[in-house]
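What follows is a single structure, written as structure tokens, with notes after it.
The values are calculated or read from the model by the stated rules, or taken from the named source; none is laboratory data. The structure displayed is predicted, hence computed values, not measured ones. Positions of Cβ are generated from backbone atoms using ideal geometry, with glycine treated the same way; all protein chains shown enter the neighbour counts.
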Ligand SMILES: Cc1cc2nc3c(=O)[nH]c(=O)nc-3n(C[C@H](O)[C@H](O)[C@H](O)COP(=O)(O)OP(=O)(O)OC[C@H]3O[C@@H](n4cnc5c(N)ncnc54)[C@H](O)[C@@H]3O)c2cc1C
Ligand SMILES: Cc1cc2nc3c(=O)[nH]c(=O)nc-3n(C[C@H](O)[C@H](O)[C@H](O)COP(=O)(O)O)c2cc1C
Ligand code: SF4
């Protein structure tokens with residue numbers, strides 16, 4: 001996937017030095033830190049942090065249990081609401097979720113309770129000897145889940161818990177979705193994504209079949225025929241275009257393609273590295289990309305966004321990480337022309353300066369150029385229509401390009417549910433996907449069981 | 001998961017966590033919420049003769065630790081301020097709706113046989129599982145000859161217990177006051193009177209603090225105050241000792257004990273059980289955090305039991321009693337010495353100054369080039385008092401290491417240095 005960069009050099013740092021730079025961005029708490037931090041929790045009632053957690057984890061209770069030296073109990077509390085609580089603890093932008101809502105997060109006190117870090121502490125140190133959840137008696141129902149990302153896995157686990165049999169159809173070689181292929185390497189280190197999936201599967205009753213692509217060798221019609229319900233957790237797999245000529249020139253590629261390789265690489269020193277790079281966009285993916293390039297050894301990393309700081313999708317916390325990693329942020333500039341050298345490879349980009357005129361973004365007429373050996377676009381993921389190409393799937397009602405669902409994650413087709421990034425509901429976050437999967441499983445379960453009672 | 005269910009003095013409950021007789025068990029509304037939250041039982045707020053007691057306004061005060069952590073609460077509330085009839089009606093209904101939970105009725109009437117003879121059949125008719133005699137309330141009620149005024153006189157304790165056994169077929173739990181010198185005297189009296197169990201402790205006479213501007217203690221009623229009863233985390237050590245004293249007293253051997261006082265976590269409960277309690281009661285922790293704490297307590301206790309292979313509470317109940325003895329039987333030859341882990345030491349110097357000023361000058365402080373100090377135990381001087389470990393803010397930084405002295409067990413009754421030693 002990084003072929004367009006093959007003409008570039010490799011990092012100068014040794015593999016072990018690079019590995020070190022990609023270790024945990026936020027190292028785990030020690031036992032003492034966890035004890036001190038958990039004692040700071042006020043054990044609020046109707047706690048604002050629970051409201052702010054998309055997966056509704058009972059945060060005061062799990063922190064109370066850490067404080068009580070009951071780590072397994074703490075872990076179980078977390079997992080009962082969010083079976084991927086381990087990866088969420090690492091990847092959630094807690095600064096806009098639970099920790100934002102913490103009652104200690106105010107000007108009179110120094111800081112919110114470190115909820116994400118405590119969540120990780122509980123799960124890392126629970127050391128379960130067996131899977132902590134028991135399945136209900138078998139219902140005889142079979143459910144198809146498409147996509148083994150956070151949404152699909154969460155749905156599968158909850159369904160298995162209720163006694164259903166689940167088959168997960170996944171296009172890629174590995175399960176985990178973007179936990180495996182997309183999250184910044186220093187947020188979710190080593191093989192955590194795979195270990196977490198293995199833990200989740202420990203409940204039993206879930207089979208994952210790889211190399212199965214809806215819209216390719218799999219059709220929605222046949223799934224609906226063969227299974228009692230279908231859940232779609234397809235994510236967003238299409239890359240948006242800048243809409244410029246030369247967009248496919250060597251040296252220009254989607255950030256997600258590079259990150260995918262970077263996450264899979266055993267030896268980071270073999271990756272192509274642009275000494276000077278440009279990242280177009282201002283979401284967390286753009287920041288992740290820029291920071292990872294900087295850590296690989298790029299000298300000059302520029303992030304360019306067509307609007308101002310206040311409009312950036314990336315949180316303040318993410319922007320601070322970028323700055324700490326020598327990433328320069330440029331605002332109010334729009335890609336205008338990809339600049340190529342004689343060999344037809346990227347040598348930079350010309351930007352048009354922008355401004356807000358009467359509420360609309362427009363060019364000021366000024367332009368400027370930035371030299372670069374590589375340009376990464378991180379202007380958002382799009383829905384991959386190929387997944388819904390078969391006639392049954394094509395009937396699914398959409399909201400924009402994404403699948404329309406109601407509060408119970410039901411699509412417009414009876415028996416077909418969807419969740420995660422491929423739906424228009426909520427934010428594009430791992431924790432949101434987990435919640436969607438869980439809600440869908442509960443809705444499927446309720447639906448299948450009322451059918452049983454009625455029969 | 002371990003089985004938390006109990007049978008205490010003939011009363012069955014799905015778990016040992018009961019709410020103590022107090023505001024959390026004041027009326028059906030609270031008790032139903034408590035049962036919904038998972039409490040194994042409740043002791044209903046103490047009933048008395050009509051007319052019901054009348055309370056003053058401003059009733060509690062607290063003793064705080066750092067960062068407004070509540071160490072203990074002091075209260076000047078009396079027994080129920082609702083009529084007997086309403087309480088009995090509600091008790092009847094709640095017991096009918098929650099047959100699997102323990103429902104005990106706490107009682108306090110004047111020290112006259114007729115008063116007890118009157119109320120006991122009414123309580124029995126509610127279907128309640130047992131009664132608890134409140135001989136403990138230390139404020140207000142003793143001025144009227146009830147509560148601690150009864151509990152402090154063993155003869156009265158025995159007499160009233162006997163009346164209750166005579167006029168009522170339910171299990172009788174006698175709740176003891178800690179405001180005495182030797183708790184065993186009260187427990188023995190209850191035992192003689194035929195009590196099925198004792199519960200302890202009730203609150204301890206206290207004044208938590210004084211408003212220095214107004215020169216009046218808290219809680220303030222107008223411009224006056226009065227002493228109240230102290231409870232919560234701070235009283236746990238006192239309660240644990242009293243439970244242990246009764247548990248290891250041969251005169252009350254086998255008498256079921258319900259532990260009360262400062263219980264707020266599964267660990268607190270486990271400690272009371274290890275010292276012989278068959279059930280525990282909680283008041284302050286619920287008053288500070290709500291009924292939801294019981295979930296964390298049940299979960300923690302069951303997991304700890306699983307880890308230790310205890311299938312039921314009986315499996316470890318009382319296990320710490322046999323290791324609790326009189327001072328004179330402790331091994332005078334046992335020796336432990338403090339060891340400071342240099343890796344975890346943060347260099348605060350607290351251990352040094354504590355030992356230097358108030359103990360045995362056994363921690364050396366060596367200045368380092370960078371202006372910090374290195375702290376090290378002088379082993380010959382250390383007497384193993386634990387003070388440094390107690391004052392150290394870092395858990396597990398200072399370890400008390402048992403020494404192999406090569407000497408056999410020797411207690412004070414056998415020690416040659418004891419002029420009154422028992423002849424061997
Ligand atoms: C670069 C990047 C960084 C991110 N960083 C963060 C972060 O730090 N924190 C955070 O909370 N969120 C982050 N996100 C968002 C987060 O990763 C997603 O919200 C989350 O993964 C969505 O889960 P999902 O299950 O809906 O989709 P995905 O994780 O995308 O999983 C979809 C799965 O479905 C499979 N699939 C797709 N189509 C088909 C098909 N037709 N047939 C069969 N299988 C199919 C895919 O192979 C994949 O395994 C990031 C996203 C990106 C792109
Ligand atoms: C406000 C308040 C009122 C109480 N009222 C009673 C009572 O009516 N009868 C009684 O037996 N004990 C009463 N108690 C004592 C408690 O039942 C319990 O014995 C004591 O609080 C110790 O337990 P704790 O440390 O868990 O609070 C009361 C305690 C408080 C705080
Ligand atoms: S808790 Fe506060 S609001 Fe409730 S009765 Fe007491 S003083 Fe009033």
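Annotations
- Of all residues in segment A:217-261, those satisfying the criterion of being part of a helix (DSSP H, G or I) and closer than 17 Å to residue A:7 by Cα are A:257, A:258, A:261.
- Each residue in segment B:71-81 was checked for being touching a helix residue (DSSP H, G or I) at 6+ places or on another chain (Cβ under 9 Å) and free of Cβ contacts under 8 Å to residues at least 40 places away in the same chain, and 0 pass.
- Taken over segment A:229-241, the criterion of being touching a strand residue (DSSP E or B) at 6+ places or on another chain (Cβ under 7 Å) and surrounded by fewer than 17 Cβ atoms within 10 Å (Cβ to Cβ) is satisfied by A:238, A:240.
- Scope segment A:29-62; condition at the interface with another protein chain (Cβ under 10 Å from one of its Cβ atoms) and in a helix (DSSP H, G or I); matching residues: A:31, A:32, A:35, A:36, A:39, A:40, A:60, A:61, A:62
- For residue B:169, the conditions (1) free of Cβ contacts under 8 Å to residues at least 40 places away in the same chain; (2) over 22 Å from the mean Cα position of the chain (by Cα) are fulfilled apart from (1).
- If you go through segment A:309-349 and pick out every residue that is part of a loop (DSSP other than H, G, I, E, B) and within 24 Å of residue A:186 (Cα to Cα), you end up with 6.
- Search result, residues across segment B:48-69 that are within 11 Å of ligand 2 (Cβ to nearest atom) and within 14 Å of chain A (Cβ to nearest Cβ): none
This table checks each residue for (1) free of Cβ contacts under 8 Å to residues at least 24 places away in the same chain; (2) crowded, with 18+ Cβ neighbours inside 10 Å.
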{"site": "A:125", "(1), (2)": "no, no"}
{"site": "A:129", "(1), (2)": "yes, no"}
{"site": "A:146", "(1), (2)": "no, yes"}
{"site": "A:155", "(1), (2)": "no, yes"}
{"site": "A:158", "(1), (2)": "no, yes"}
{"site": "A:177", "(1), (2)": "no, yes"}
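- Any chance residue A:78 is under 21 Å from residue B:37 (Cα atoms), part of a helix (DSSP H, G or I), away from chain B (no Cβ under 11 Å) and touching a helix residue (DSSP H, G or I) at 6+ places or on another chain (Cβ under 9 Å): yes
- Matching option when the condition is in contact with a helix residue (DSSP H, G or I) (Cβ under 7 Å, 6 or more places away or on another chain) and either away from chain B (no Cβ under 13 Å) or closer than 23 Å to residue A:426 by Cβ (or both), among A:17, A:72, A:99, A:12: A:99
- Within segment B:82-134, tally of residues that are at pLDDT 95 or above, out of contact with any helix residue (DSSP H, G or I) (no Cβ under 8 Å at 6 or more places or on another chain) and assigned to a loop (DSSP other than H, G, I, E, B): 4
- Matching residues, segment A:381-414, being surrounded by 17 or more Cβ atoms within 10 Å (Cβ to Cβ) and on the phi > 0 side of the Ramachandran plot: A:409
Rundown of residues vs (1) under 16 Å from residue B:263 (Cα atoms); (2) not in a strand (DSSP E or B), yes/no style:
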position: B:39; (1), (2): yes, yes
position: B:42; (1), (2): yes, no
position: B:46; (1), (2): no, no
position: B:50; (1), (2): no, yes
position: B:55; (1), (2): no, yes
position: B:72; (1), (2): yes, no
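- Within segment A:1-28, considering residues that are assigned to a helix (DSSP H, G or I) and in contact (Cβ under 8 Å) with a residue 24 or more places away in the chain, the one farthest from the chain's Cα centre (by Cα): A:15
- Count of segment B:65-99 residues which are surrounded by fewer than 13 Cβ atoms within 10 Å (Cβ to Cβ) and in contact with a strand residue (DSSP E or B) (Cβ under 6 Å, 6 or more places away or on another chain): 1
- Summed over segment A:350-394, residues that are at pLDDT below 95, part of a loop (DSSP other than H, G, I, E, B) and more than 16 Å from ligand 1 (Cβ to nearest atom) total 2.
- Scanning segment A:184-221 for residues that are free of Cβ contacts under 8 Å to residues at least 40 places away in the same chain and within 13 Å of ligand 1 (Cβ to nearest atom) turns up A:194, A:217.
- Every pair of residues 6+ apart whose Cβ atoms lie under 8 Å, when the first sits in segment B:382-405 and is on the phi > 0 side of the Ramachandran plot and within 14 Å of chain A (Cβ to nearest Cβ) while the second is at pLDDT 95 or above and assigned to a loop (DSSP other than H, G, I, E, B): B:396/B:341
- Filter result for residue A:432 (surrounded by fewer than 24 Cβ atoms within 10 Å (Cβ to Cβ), away from ligand 1 (no atom under 12 Å from the Cβ), in a helix (DSSP H, G or I) and at pLDDT 95 or above): no
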